[in-house]
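The values are calculated or read from the model by the stated rules, or taken from the named source; none is laboratory data. None of the values given here were measured: they were computed from a predicted structure. Here the Cβ is made from the backbone with ideal geometry for all residues, glycine too, and neighbour counts use every protein chain on show.
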Amino acid sequence: MSDALLTVENLSKSYQGVKAVQGVSLAVAPGELLAMIGPNGAGKSSCFNMLNGQIKPDTGRIRICGKDTTGLSPERISRLGVGRTFQVAETFLSMTVRENVQLAIQSARHGTLSLQSFFGNLGRKSAAEADDILDLIGLLGEAGRSCRELPYGDIKRLELAIALAGDPKLLLMDEPAAGMATRERMLLMRLTSRIAKERQLAVLFTEHDMDIVFEHADRIIVLNRGQVIAEGPPVDVRMNADVQAVYLGSGALYKQEH
């Protein structure tokens, strides 16, 4: 995929002799949502943590926006245009919705800032930018509200706003719909899909809710015991016999491999 914003080649990682990830390759193009699925222990978290720089791969190459990011720190990778959301939403509950996004904007551009910078001219400028992002995700009406007062669904949307604050080209989302009600899950992923198409973001996400995956992913990659066992559009993955056995159906193949 020549225009891919994320390219992974032959990525592997072992822990004390246990092969968590084995030869994983993938690519994500601008405007595309790629879902990474698999049973517990399939290697999804290890893959994500290598892409984000939290752990170093044993072998393989990672390229983001045309740059080799293999082994770089999370901070350096983030500055190349990577946003990330987590399974458990991470926000500053003592700050307002707007202030959370302001802080993310300023951190992405300037690193550590003083309180004078935060509340001075730089802060006023970032407040306007934060409001634009909050308007995009439908939270502008809550901009002045303390985060501790928000329902969980809005906290998850705010986390998406924080991830967008650095104007990323690639978005990594670890179970973005975890803990949300069914309707909220669908609305969040619908919003993510729309923003990805409009801004030509490449999105890689993991998710256990198969309704979310098959409705919103453009392509799906399936891992089992650290290896890719299937990849393609949702209709093809749904009909794949190995996927049905390992993840969607009886689980017989997964049990045999143990």
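Odds and ends about this structure:
- Filter pass, G179 being surrounded by fewer than 16 Cβ atoms within 10 Å (Cβ to Cβ), under 20 Å from R84 (Cβ atoms) and modelled with pLDDT under 95: yes
- All of I220, I229 fail the test of being surrounded by fewer than 23 Cβ atoms within 10 Å (Cβ to Cβ), touching a residue at least 12 places away in the same chain (Cβ under 8 Å) and touching a strand residue (DSSP E or B) at 6+ places or on another chain (Cβ under 6 Å), apart from I229.
- Any hit, the stretch 38-58, residues being in a strand (DSSP E or B), under 18 Å from A163 (Cα atoms) and of a type outside the set (D, E): no
- Residues in the stretch 130-182 that are in a loop (DSSP other than H, G, I, E, B), within 25 Å of R79 (Cβ to Cβ) and small (G, A, S): A165, G166.
- From the list P39, P57, P74, the lone residue that is in contact (Cβ under 8 Å) with a residue 12 or more places away in the chain and touching a Ser or Thr at 6+ places or on another chain (Cβ under 8 Å) is P57.
- Residue under evaluation A29, criteria (1) at pLDDT below 90; (2) on the phi < 0 side of the Ramachandran plot, criterion not met: (1)
- Test: residue in the stretch 205-214 that is modelled with pLDDT of 95 or more and either on the phi < 0 side of the Ramachandran plot or buried (at least 22 other Cβ atoms within 10 Å of the Cβ) (or both): yes
- The condition (being in contact with a strand residue (DSSP E or B) (Cβ under 7 Å, 6 or more places away or on another chain) and not in a strand (DSSP E or B)) is satisfied by just one residue among A20, A89, A4: A4.
- So I62, is it β-branched (V, I, T), under 28 Å from A177 (Cβ atoms) and surrounded by fewer than 20 Cβ atoms within 10 Å (Cβ to Cβ): no
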